[in-house]
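Shown next, in structure tokens, is the structure this report addresses.
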Amino acid sequence: MRAHSLPEARSTQFGFLLTNALFVFGMVAVGLWAAWPIYQSGYFFITAGGAVLAATVIAWVGMRRAWSWFTLLLVTFGVYLLLGVPLAVPAALTSLPAFGSGFVNLITATVFSWKELVTISIPVGSYQTMLVPLLILTLGVTTAALSLVWRAPRLHTLAIPVVFLLQLFGLVAGSSRVSTPLTLGFVTVPAPRESLIGLAVLLLAVAFLVWRAQDSRQSALRQTTQATGVRQLAQGWLPRARRGALVVGTVLLATVVAVPLVASAVRPAEREVLRTGIDPAVTLREYVSPLSQYRSFLTGDLYDTPLFTVSGASADLSRLRLAVLSHYDGQVFRVVDPVSGEKDQTTAFARVPNIRDSSAQSGTPATATVTSGSYDGVWLPLAGSLTRIDFTGPRRDALTDAFYYSDRTDAGVELRTLSSGDSYRFETRIDESVTPIAELKKPAAGGELVDPALIPESLVNWVKAQKVGADGAGLAELITRLRERGYLSHALDAPASAGGWANDLAGYDFAPSLSGHSVDRIDSLFTSLLEKQNSTVSTDNAVLVAAVGDDEQFAVASALIAAYLGYPARVVLGFALTAADGDAEAIPACTDGVCEGKNLTAWLEVQGADERWTPVTVTPQHDHPLAPSDDQMRDPKIPTDVLQAEAAEQTPPEANPTSGEEKATAEKPEAADLGWLIGILKIVGISLLVLLILLTPALAIIGAKMQRRRERKRGTTTAAQIAGGWDEYVDTAVDHGLPAPHNLTRTELAALHGSEGGGVLATLADQAVFGPIAPVQADSDSFWVLVDSERDALGQDATRRKRLRAALSLRSFARVLGTRQVRRYDYFGLVSRRQRRTERERGGASATGLARN
């Protein structure tokens with residue numbers, strides 16, 4: 001009879017395991033679906049699939065080998081270390097040294113990648129170690145859930161909240177933007193994807209609980225039938241239909257009530273996620289506005305020095321931008337809004353993955369490779385809307401970690417600055433459907449405009465004096481007049497040496513100009529234009545030349561004109577790779593991709609009603625100098641004759657060597673370069689941190705056992721101390737694999753252990769607790785000596801590995817907490833060889849008596 005029932009038991013138990021696993025896999029799949037928007041990379045499936053497969057193997061072997069929960073934890077952590085680099089750090093698979101570095105990064109990312117993930121723009125793809133959180137959660141959650149549903153008959157319901165951790169990860173670590181609203185008849189669901197995820201979790205959880213309850217009921221009925229021989233009469237279809245209707249009605253009620261409530265509560269503009277609360281902005285206030293440094297590139301040594309070289313640039317790539325300056329505070333044009341500051345997420349620079357999602361971006365693809373020369377600024381030369389960037393060279397990882405990008409302005413910063421030889425290749429999309437400035441329509445909402453209080457009155461009067469419209473054509477005409485009535489000058493004093501900017505301008509007549517672009521500087525520029533226009537009746541722009549400056553002043557002046565007319569405008573600093581057609585006044589373009597200081601320029605970008613930005617060249621002309629009348633109206637320069645002083649060389653007085661006033665002439669010794677020591681200390685520190693993380697569970701267990709032993713030895717009474725000594729002996733025996741006491745007396749347990757010393761301890765403990773004479777302190781001390789002797793004897797014949805395993809065992813804590821020791825069995829009705837051997841050695845119940853709980 002038993003021989004015929006065994007195959008049936010195997011089939012039943014295999015179906016039980018498979019069904020449980022399918023439920024777990026389904027809930028894990030929903031969690032991975034929730035996490036997909038964070039990554040959106042093909043490697044996501046490799047990481048998730050590898051983690052699920054490894055977790056299934058761990059849970060299966062753990063069940064077959066009857067591992068304890070602590071052993072299961074250690075094995076899972078070991079598999080994580082073994083598979084972590086190939087599954088979660090794909091960039092480290094290029095070479096053996098890179099693999100070693102990737103392993104160190106894996107250990108570090110175990111602790112720090114969680115915060116990095118919510119401070120970097122999504123999707124992150126397989127960027128650096130961003131896949132580590134996904135691997136940890138998928139591996140840990142799947143292993144724990146499968147072990148619970150397979151091995152814990154009374155705790156299987158805990159698998160649901162465990163798997164929910166993975167779904168929660170995808171929801172709270174993802175984007176603050178929700179899916180597009182979906183309209184179904186008269187019902188509109190604002191967040192259909194998020195609602196569907198919640199509904200799928202609910203249905204799977206309810207189905208799993210109902211199935212487990214039904215399976216437990218059927219299992220109990222089968223056991224009753226086998227024990228009594230009484231069979232239950234088959235139920236008709238009506239009771240089954242009632243139960244089915246009840247389950248379906250419950251699910252439908254939860255769906256109909258919960259989904260609309262959740263959907264109505266989700267508002268896309270107000271959704272809070274982890275990355276919403278953690279500010280990813282990079283502090284830029286400490287860096288001087290790049291527009292204020294404009295002239296340093298044109299008047300210093302950088303004028304004819306190669307800053308960087310652009311190679312492999314696409315034909316559509318005509319400009320490289322350094323910085324996009326959208327906010328004016330009256331002194332400088334800056335990147336960050338002076339009102340809201342760095343906390344404003346719309347102007348924040350955030351870390352981004354090297355590969356960015358380009359599905360929602362339009363434009364023509366373009367590529368270029370930039371190799372740094374003498375350029376050492378934080379503003380990174382880029383173009384268009386970035387889709388990918390790859391740094392190369394020995395500083396690749398450092399530069400990648402310090403790269404930040406602004407989606408709103410399509411500009412990037414490199415906080416570690418480029419050095420000579422650093423290189424990077426970027427891919428981008430160039431929007432060629434730009435509306436000409438003369439055809440721009442004014443935005444209805446006005447966009448981001450400059451504070452009207454910062455627009456000088458002279459600018460307003462000059463615009464009114466031009467008598468042009470306030471539309472795009474009027475704006476284009478005003479900027480044209482501003483450029484043609486301005487005169488290019490980069491300095492207050494004429495260049496002293498040949499080869500400077502003035503000598504490169506054919507037939508140039510030098511005119512001095514002040515730097516800066518504050519309100520006062522712009523006011524003086526328009527004041528000069530008004531005075532010149534009011535002093536003559538001519539309308540020829542060549543006759544009305546009166547404003548002196550360069551791109552710094554004229555870009556700001558043009559931006560303020562656009563803002564006054566109601567157009568959002570911003571100033572862009574960068575380089576032109578190709579010469580502007582029909583615009584000879586523009587700053588010269590880079591020659592053969594080599595960009596020097598003289599190629600730096602600034603231009604204006606104006607936004608129209610289509611929300612696109614139109615670039616506008618603002619460089620003033622230099623062919624028509626200031627009108628002669630201007631020179632006549634200037635204050636006369638009174639020359640001052642400097643008399644040649646008859647100076648006689650005076651011998652300085654001899655310094656008093658004891659006065660303390662003599663300056664030391666010896667040069668200070670240069671400080672030793674300790675960079676190598678810092679690197680070694682960093683590696684040592686990370687190694688110690690990793691070692692501490694690995695040893696923390698073991699140290700915590702050993703420390704808890706030491707504290708428990710100390711408390712028992714210091715009991716409030718002598719009898720309590722002796723009873724605590726007995727408990728210490730029992731816990732040590734349990735940790736070494738001997739049976740727990742359960743309902744056995746001390747003497748019965750000692751006999752079961754087969755230890756003569758244990759029998760003596762049991763007798764003495766019973767006498768101390770139940771005897772008529774209270775023991776004294778000497779009795780307690782001698783009892784604890786016997787306890788220590790027996791504890792040493794338990795581990796005397798064991799191997800070093802078994803002693804370590806006993807020291808880290810948690811079975812004694814489970815006994816103290818009152819957890820019933822569950823006999824181990826496999827789910828195929830077959831007892832493992834290890835269990836049978838253990839039962840025979842202990843003289844306990846035979847292995848054939850074990851049955852499925």
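Counting only helices (runs of 4 or more DSSP H) wholly contained in region 691-778, the ones carrying 3 or more residues that are at pLDDT below 85 occupy 746-753, 756-770. Only residues that are more than 25 Å from Glu427 (Cβ to Cβ), in contact with a Lys or Arg (Cβ under 9 Å, 6 or more places away or on another chain) and either buried (at least 23 other Cβ atoms within 10 Å of the Cβ) or of a type in the set (Val, Ile, Thr) (or both) were counted across region 326-338, and they come to 4.
Note on region 718-740: residues that are free of Cβ contacts under 8 Å to residues at least 40 places away in the same chain and either surrounded by fewer than 16 Cβ atoms within 10 Å (Cβ to Cβ) or of a type in the set (Val, Ile, Thr) (or both) amount to 1.
Look at region 521-549: where a residue is among the hydroxyl-bearing types (Ser, Thr, Tyr) and a partner is modelled with pLDDT of 90 or more and in a helix (DSSP H, G or I), sitting 6+ places away or on another chain with Cβ atoms under 6 Å, you get Thr527/Ser458. Cβ separations smaller than 6 Å between residues 6+ apart or across chains give the following pairs from region 780-798 residues that are closer than 20 Å to Gln767 by Cα and of a type in the set (Gly, Ala, Ser) to residues that are in a helix (DSSP H, G or I) and at pLDDT 85 or above: Ser780/Thr718; Ser780/Gln721; Ser780/Ile722.
If you check Gly574, Gly549 for being among the small types (Gly, Ala, Ser), touching a strand residue (DSSP E or B) at 6+ places or on another chain (Cβ under 9 Å), modelled with pLDDT of 90 or more and under 15 Å from Ser318 (Cα atoms), only one passes: Gly574.
When you scan region 195-202, do you find a residue that is touching a Ser or Thr at 6+ places or on another chain (Cβ under 7 Å), at pLDDT below 80 and not in a loop (DSSP other than H, G, I, E, B), even just one? For region 195-202, residues touching a Ser or Thr at 6+ places or on another chain (Cβ under 7 Å), at pLDDT below 80 and not in a loop (DSSP other than H, G, I, E, B): present.
Within region 109-153, the set of residues being among the polar types (S, T, N, Q) and farther than 23 Å from Asp390 by Cβ comprises Thr110, Thr138, Thr142, Thr143, Ser147.
A count restricted to region 38-54 and to residues that are surrounded by fewer than 15 Cβ atoms within 10 Å (Cβ to Cβ) and under 14 Å from Ile136 (Cα atoms) stands at 2. Restricting Leu525, Leu514, Leu544 to those that are aliphatic (A, V, I, L, M) and farther than 25 Å from Leu291 by Cα reduces the list to Leu544. From the list Glu439, Glu432, the one residue that fits, being over 27 Å from Ser524 (Cα atoms), exposed (fewer than 15 other Cβ atoms within 10 Å of the Cβ) and touching a helix residue (DSSP H, G or I) at 6+ places or on another chain (Cβ under 7 Å), is Glu439. Given the criterion within 21 Å of Val734 (Cα to Cα), assigned by TED's automatic domain parsing to the domain that holds Leu761, outside any helix (DSSP H, G or I) and modelled with pLDDT under 85, identify the matching residue among Ala845, Ala798, Ala814. Only one candidate qualifies: Ala798. Filtered by the rule that a residue be within 26 Å of Phe403 (Cα to Cα), of a type in the set (A, V, I, L, M, F, W, C) and modelled with pLDDT under 90, region 124-168 gives Val124, Met130. Take the residues in region 324-353 that are modelled with pLDDT under 75 and of a type in the set (S, T, N, Q); name whichever of them is farthest from Leu560 (Cα to Cα). Going through the qualifying residues, I end up with Gln345. Count of region 400-414 residues, restricted to those that are over 15 Å from Ile355 (Cα atoms) and buried (at least 16 other Cβ atoms within 10 Å of the Cβ), is 5. Restricting attention to region 113-122 and to residues that are modelled with pLDDT of 75 or more and farther than 19 Å from Thr138 by Cβ, the residue that is surrounded by the most Cβ atoms within 10 Å (Cβ to Cβ) turns out to be Ile120. If I ask for residues that are part of a helix (DSSP H, G or I) and of a type in the set (Ser, Thr, Tyr), which ones from region 92-122 would you list? The answer is Ser101, Thr108, Thr110, Ser113.
Applying the condition of being in a helix (DSSP H, G or I) and in contact with a Ser or Thr (Cβ under 6 Å, 6 or more places away or on another chain) to region 38-55 and asking which residue is nearest to Met130 (Cα to Cα) yields Tyr43. Checking each residue in region 56-111 for being more than 18 Å from Pro133 (Cα to Cα) and aromatic (Phe, Trp, Tyr) picks out Trp60, Trp67, Trp69, Phe70, Phe99.
The values are calculated or read from the model by the stated rules, or taken from the named source; none is laboratory data. If you're wondering where the values come from, they're calculated on a predicted model, not measured in any experiment. Heads up, the Cβs are rebuilt from the backbone with ideal geometry, glycines too, and the neighbour counts pull from every protein chain shown.
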